[in-house]
Every structure is written in C-alpha cells, then in structure tokens.
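**Q** Structure provided below as structure tokens; questions to follow.
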Amino acid sequence: MHDIRAIRNDPEGFDAGLRRRGLEPQSAEILALDEKLRAAVTAKQEAETARNTASKAIGKAKAAGDEAEFERLRAEVSRLKEVMESQGAAEDTAKGQLDALLAGIPNLPAESVPDGADESENVEKRVWGEPTKLDFEAKDHVAIGEGLGLMDFEAAAKMSGARFVVLKGALARLERALGAFMLDLQTTEHGYQETAPPFLVRDAALFGTGQLPKFEEDLFGTDHFDRVSFKSDIEKVYEQIYNRSGDLHWFSEMVIESQLRAARQGKLFLIPTAEVSLTNIVREEILDDGAFPLRMAAQTPSFRAEAGSAGRDTRGMIRMHQFIKVELVSITAPEQSEDEHERMTACAEEVLKRLELPYRVVELCTGDLGFAARKTYDLEVWLPSQDTYREISSCSNCGDFQARRMNARFRRAGEKKPEFVHTLNGSGVAVGRALVAVLENYQNEDGSVTIPAALQPYMGGMEKIEAAS
RNA sequence: GGAGAGGUGGCCGAGUGGUCGAAGGCGCUCCCCUGCUAAGGGAGUAUACCUUAACGGGUAUCGAGGGUUCGAAUCCCUUCCUCUCCGCCA
C-alpha cells in the first residue's frame, strides 16, 4: 500500500516508478479522488461541529423550558444531519474508490533495480559451481523417481488430479531430510527463530502481504458457508427490516449483503507461501526497535492454484498445487533492510552450497518484480535434464509496502511516533524443487541416486537411493 | 456444536442516554519540597484524520461494523476475539 502523502508530495516520482514497471501513470486519478475525499471530510466535519454545538444548546433550551428555541434548534440539527449524510456518503464513495485503486497498485522498484520488460532482462549477479556434467544422458527427476519406484503421479492424480505427487520410501524420507536440514541450518546457524504458523489464513492476512485483492485466482480457498445459520440470518434480517419499513427492495438487498458477508467471513485461504503467515505475525503490532532484526523461519506446505499456468511445467514436480518450502522472513528498521536482504540471500545460497548444487543468482528487472517487492534476487539451481537453471528461491525486500497494508510498526527508543517496519521474505529454499535438483544432479547411470553428504545424517546414514528390488 | 460471561486509555478499573476522551489507582515524564535503607506535594501523560506558516482549532475512536436518537461507552442488530461449563475430536 502506498503512502498517499508521498504521492501528493511527488506525483511525478510515483508515476515514474510505475512506468519502470511498465504501468500507466495513476497519480492524477489518485490525487483527484484524494481531493474529493478531503473536501467531503472537511464539509462533514464542519456540519458535525455545528451539530455538536446545537445539540448542547438543545439540552439548555429544554432545561430552560424554551420550547420555541428547542424546536428551532431541532430543525437546524435535522438540516445539518442531511449535510452530514450527503457528505458522509461522498466521503465513503471517494474512500472506497481510492482504497480500491491503491490496493491494486504494486510496490515501486528500488532505485538500483535494473530496468527491463520481463524475465529475459533479469541480470545475472553471480554463479556458484559448474553445471553438473554427466558422462551419460541425463534423465529427468520423473524418470529417476519412477525408475526407483518411489514417485507416483498416477496414484496422486486419482485422488487429487494433476499437479500432485505421492512420494514413497527413501524419496519421502529425502523430502523430510531436506526440510529438516534446511530448517536446522537457518535456525541454528543463521539466527532465524523456528516458527510453526497456521496454514489457513483470513483474507486480511493475504491482503497484508499483497496476494489479495488482485490475485485471488492463484489461491485455494475454503468455504464454510453454512445453510442453516444462513436461514436464521435471513429470518433475523427480515425481522429487523419488517419492523422498520417492510420495504422488499431493501429486504432483498440486505439478504444478499448478509449472504455475501456470511460466505466471506467463513472463508479461509490456504497459504501460497509461509511468507503470509510469518509476516502477519507482526500485523497491527508496535514493536520495540530492540527486537530488530526479527528473523523467523518456517517449514510449511504451500498451496497454489496455478491458474493461468496451464500447459507450463506439466511434467514432474516443478510446478505443483502443493509443495513444501522452508521460508525465511525478516522484520527490520528501514535503514537495515538492504543489508538484511543481502544477508538473507546468502542464507538461502548456503543451503545450495552445502548440498553442492550448482546455482546462480539473478536480480529481477523492474518488469519481473512481484507485486509487493521493491527488489528481488532469485536463486536458480542447475537442472541437467533441462540443461538450464531453474528458480528454487526468491528473496525480496518489500520495504514498508506490506507493513502499511497490515499496519506493522515499531517505535525507536525515546521517540513518540511509531514508524512502519520493513519486511523481507525469501525461500530458504523450496523443498520440492530441491528434491528435484538433488535427484537430477546426483543421479547415477544405473538409475540410483547418491545422497549429498550434508543430507546423509538426516537419512540415517544412507549414502545412495536404489531401486527397491 | 450448545449454554453462559466478558471486551473501556501503557496497565488495573469505574461508568446504563447529554455537563464522558472518559472517575480513581498504578506506571511514566517534568517541577517543587525534603535529605538519607525513604517519602510528600504539584503539573503533564492515547491514536488517527482534516485544517493552520505556526500557535492552535476541529472531527472520529470505550474490540469492529451498522442502527435507534436532537444527542450513545451507555439502548438495538451483526460480527471478531477472550474466558467458563457441556458436547465432539487428532
């Protein structure tokens, strides 16, 4: 969410930031709504002031028994009430339009972010390791997993459809080992506090991190709509309306509204990333600045509807509706977030280094930046079967963008005014894709898979996964 | 899921239609007095927004939203959360 005052102060700068992202200028429309809003607020408040004054006078007139004055003031107040109502309505309209507009505008890129239209213009920052060379033809992870008899897409499809998988035996354990290894690394060596958050969250939480309102189609939602309580709701609403006016038009409108409200309020969403749960831990909080940087790590499943990605990565475990991920979140003071971003990226890289998986780091250009991010580094791991690097982690500095949306603040020692925190998130790293990378980079010609040394302790000392005979 | 109780300022806690942004206490800040294992007196002490060059002025907020009323912390409705008992349950 953007600071309306910042837009007022520098509309050109705001539009320039949007243009770097390939978006149309919006400041003129925003400021026009802002003007309307403030005019209505002022007019309403003036009417309220007059109303408050008159109300006090009414009490006095009544006490003094001055009926004429009493009646005159009542008429005055009822006129003022009309002003208050019409200006209040104008305020609500303008506020609603302004909020809707602002809620849908992405974060502005940081100064240093390279300009570019799409991912083809991302900038490679560094490369670690050599792409794995195999002296035989590389199989993809599906062939390897199915060859081992430990990866079953068909069974998953029968119960859940496409983009799900069943892992068995050593592969199921390998997934567990990867998650445990990553979580241990981030918590014991990098100072992130292990956190076990909810996987189901309210819409407000998703608004806070920026998935809502624009990206609802990417989310899985639950629906707790309850017909029985809905029926009793209708009856209550009917009672309320009937007693008041008996107007059917109002009645149907209220019913619809109450129905929508009931449906919306019962609804929880499955998290598309633990970023949502972890970042929202500080929502509506005022933190002590001694708490910084606040570092949290969680291993959770992530659920993504993958709407609009039909036909992409349909084979294998690259793009699933459900996958496990170790997520890192840092909450910092504004002046710390850039350094913390570099550090967080290094914490994610360390996972791949210890697993000895070749990777590179790219900085996303302005056109490829996510909604809430002002700057992002992606980690891409080498996949022999695709002869290319594929994303396995994404580390973003969101500045105060999410903090504003969830009202997460802190107070500096000795200061009175709270300020918005900065939030950062990064995968440290995606467990499902790490499993793919291990299988492909550690595959042997005979179809077995060597287990990276760092994982062997987590595999009960197992050194190699071989086909169950 | 059923029955009941409750959500007031940094904290505790009063307040059932007007003089309540809210008594009192605690805490905190400043000042005064005193001088000794301390205490006493006084003043101040919420947030957001609008407005103003500034001082200041105004509006809203007593979990949230809506309603009744000239006027609501106080009455009504909805909703969120907390607690107690019962039921169910990994």
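The values are calculated or read from the model by the stated rules, or taken from the named source; none is laboratory data. Everything numeric in this text was worked out from a predicted model, so none of it was measured. Every residue, glycine among them, receives a Cβ derived from its backbone with ideal geometry; neighbour counts consider all protein chains shown.
**Q** Show the residue pairs meeting these rules: Cβ distance below 7 Å; 6+ apart or different chains; first residue within segment A:16-35 and among the small types (G, A, S); second residue within 16 Å of RNA strand B (Cβ to nearest atom) and assigned to a helix (DSSP H, G or I).
**A** Qualifying pairs under 7 Å: A:S27/A:I7; A:S27/A:P11.
**Q** Out of A:L101, A:L108, which single residue is at pLDDT 90 or above, in a helix (DSSP H, G or I), away from RNA strand B (no atom under 14 Å from the Cβ) and surrounded by 12 or more Cβ atoms within 10 Å (Cβ to Cβ)? Spell out the reasoning first.
**A** Details: A:L108 fails: in a helix (DSSP H, G or I).
Answer to the selection: A:L101.
**Q** Could you run through segment A:54-65 and say how many residues are more than 7 Å from RNA strand B (Cβ to nearest atom) and either over 19 Å from A:R79 (Cβ atoms) or modelled with pLDDT of 80 or more (or both)?
**A** Looking only at that region, the number is 4.
**Q** Which of the residues that make up segment A:5-28 are within 26 Å of the chain's Cα centre (by Cα) and part of a helix (DSSP H, G or I)? Before you say what the answer is, go through the steps one by one.
**A** If we filter segment A:5-28 for residues that are within 26 Å of the chain's Cα centre (by Cα), which is where we start, we get A:5-7, A:13-27.
Those that are within 26 Å of the chain's Cα centre (by Cα) and part of a helix (DSSP H, G or I): A:R5, A:A6, A:I7, A:G13, A:F14, A:D15, A:A16, A:G17, A:L18, A:R19, A:R20, A:S27.
**Q** What strands (runs of 3 or more DSSP E) completely inside segment A:361-429 contain at least 3 residues that are buried (at least 21 other Cβ atoms within 10 Å of the Cβ) and without any contact (Cβ under 8 Å) to a residue 24 or more places away in the chain?
**A** Values: elements: A:375-383, A:388-397, A:409-411.
The strands (runs of 3 or more DSSP E) meeting that bar number zero.
**Q** Using the structure shown, decide if A:K44 is among the basic types (K, R), within 13 Å of RNA strand B (Cβ to nearest atom) and either under 30 Å from A:E391 (Cα atoms) or part of a helix (DSSP H, G or I) (or both).
**A** Values: among the basic types (K, R): yes; within 13 Å of RNA strand B (Cβ to nearest atom): yes; either under 30 Å from A:E391 (Cα atoms) or part of a helix (DSSP H, G or I) (or both): yes.
For A:K44, the condition - among the basic types (K, R), within 13 Å of RNA strand B (Cβ to nearest atom) and either under 30 Å from A:E391 (Cα atoms) or part of a helix (DSSP H, G or I) (or both) - is met.
**Q** Let me ask you something else. For segment A:442-459, indicate whether the set of residues that are closer than 30 Å to A:D99 by Cα and not hydroxyl-bearing (S, T, Y) is non-empty. Let's see the steps before the verdict.
**A** Keep residues of segment A:442-459 that are closer than 30 Å to A:D99 by Cα, which gives none.
No, because not a single residue in segment A:442-459 is closer than 30 Å to A:D99 by Cα and not hydroxyl-bearing (S, T, Y).
**Q** Now for a different question. Yes or no: segment A:325-339 includes at least one residue that is modelled with pLDDT of 95 or more, under 18 Å from the mean Cα position of the chain (by Cα) and farther than 26 Å from A:H190 by Cβ.
**A** No, because not a single residue in segment A:325-339 is modelled with pLDDT of 95 or more, under 18 Å from the mean Cα position of the chain (by Cα) and farther than 26 Å from A:H190 by Cβ.
**Q** Further question: Checking A:H2 against (1) at pLDDT 85 or above; (2) within 14 Å of RNA strand B (Cβ to nearest atom); (3) touching a Leu at 6+ places or on another chain (Cβ under 8 Å); (4) in a helix (DSSP H, G or I): exactly one of these is not met. Which one?
**A** Failed condition: (4).
**Q** While we're looking at this one, here's another question. Could you check segment A:27-41 and list, in sequence order, the residues that are surrounded by 16 or more Cβ atoms within 10 Å (Cβ to Cβ), out of contact with any Leu (no Cβ under 8 Å at 6 or more places or on another chain) and among the charged types (D, E, K, R)?
**A** Residues of segment A:27-41 that are surrounded by 16 or more Cβ atoms within 10 Å (Cβ to Cβ), as a first pass: A:27, A:30-31, A:33-34, A:36-37, A:40-41.
Still in the running and out of contact with any Leu (no Cβ under 8 Å at 6 or more places or on another chain): A:27, A:31, A:36, A:40-41.
The one that is surrounded by 16 or more Cβ atoms within 10 Å (Cβ to Cβ), out of contact with any Leu (no Cβ under 8 Å at 6 or more places or on another chain) and among the charged types (D, E, K, R): A:K36.
**Q** Can you say whether A:A68 is in a helix (DSSP H, G or I), at pLDDT 80 or above and more than 11 Å from RNA strand B (Cβ to nearest atom), as far as the supplied structure shows?
**A** Numbers: in a helix (DSSP H, G or I): yes; at pLDDT 80 or above: no; more than 11 Å from RNA strand B (Cβ to nearest atom): yes.
No, not satisfied.
**Q** Looking at segment A:149-188, which of its residues are among the charged types (D, E, K, R) and either in contact (Cβ under 8 Å) with a residue 40 or more places away in the chain or buried (at least 19 other Cβ atoms within 10 Å of the Cβ) (or both)? Write out each step before concluding.
**A** Filtering segment A:149-188 down to residues among the charged types (D, E, K, R) leaves A:152, A:154, A:158, A:163, A:168, A:173, A:175-176, A:184.
If the condition is that a residue be among the charged types (D, E, K, R) and either in contact (Cβ under 8 Å) with a residue 40 or more places away in the chain or buried (at least 19 other Cβ atoms within 10 Å of the Cβ) (or both), then A:R163, A:R173, A:E175, A:R176 are the ones that fit.
**Q** Among the residues of segment A:406-433, what is the count of those that are in contact with a Lys or Arg (Cβ under 9 Å, 6 or more places away or on another chain) and either more than 10 Å from RNA strand B (Cβ to nearest atom) or modelled with pLDDT of 90 or more (or both)?
**A** Number satisfying all stated conditions: 11.
**Q** Report whether or not A:D34 is within 11 Å of RNA strand B (Cβ to nearest atom), at pLDDT 90 or above and among the charged types (D, E, K, R). Walk me through how you get there before you give the answer.
**A** On the way: within 11 Å of RNA strand B (Cβ to nearest atom): yes; at pLDDT 90 or above: yes; among the charged types (D, E, K, R): yes.
Taking the combined requirement at face value, the residue satisfies it.
**Q** Filter segment A:430-469 down to the residues that are part of a strand (DSSP E or B), surrounded by fewer than 23 Cβ atoms within 10 Å (Cβ to Cβ) and polar (S, T, N, Q) and list them by number. Let's see the steps before the verdict.
**A** As a first pass, look at segment A:430-469 and keep what is part of a strand (DSSP E or B): A:430, A:443, A:449-450, A:464-465.
Checking which are surrounded by fewer than 23 Cβ atoms within 10 Å (Cβ to Cβ) leaves us with A:450, A:464.
The answer is A:T450, and nothing else.
**Q** If only one of A:E175, A:E154 is modelled with pLDDT of 95 or more, closer than 26 Å to A:V326 by Cα and acidic (D, E), which one is it?
**A** From the options A:E175, A:E154, the qualifying one is A:E175.
**Q** For the structure I just gave you, tell me whether A:R19 is more than 9 Å from RNA strand B (Cβ to nearest atom) and of a type outside the set (A, V, I, L, M, F, W, C). Spell out the reasoning first.
**A** Numbers: more than 9 Å from RNA strand B (Cβ to nearest atom): yes; of a type outside the set (A, V, I, L, M, F, W, C): yes.
Yes: the conditions hold for A:R19.
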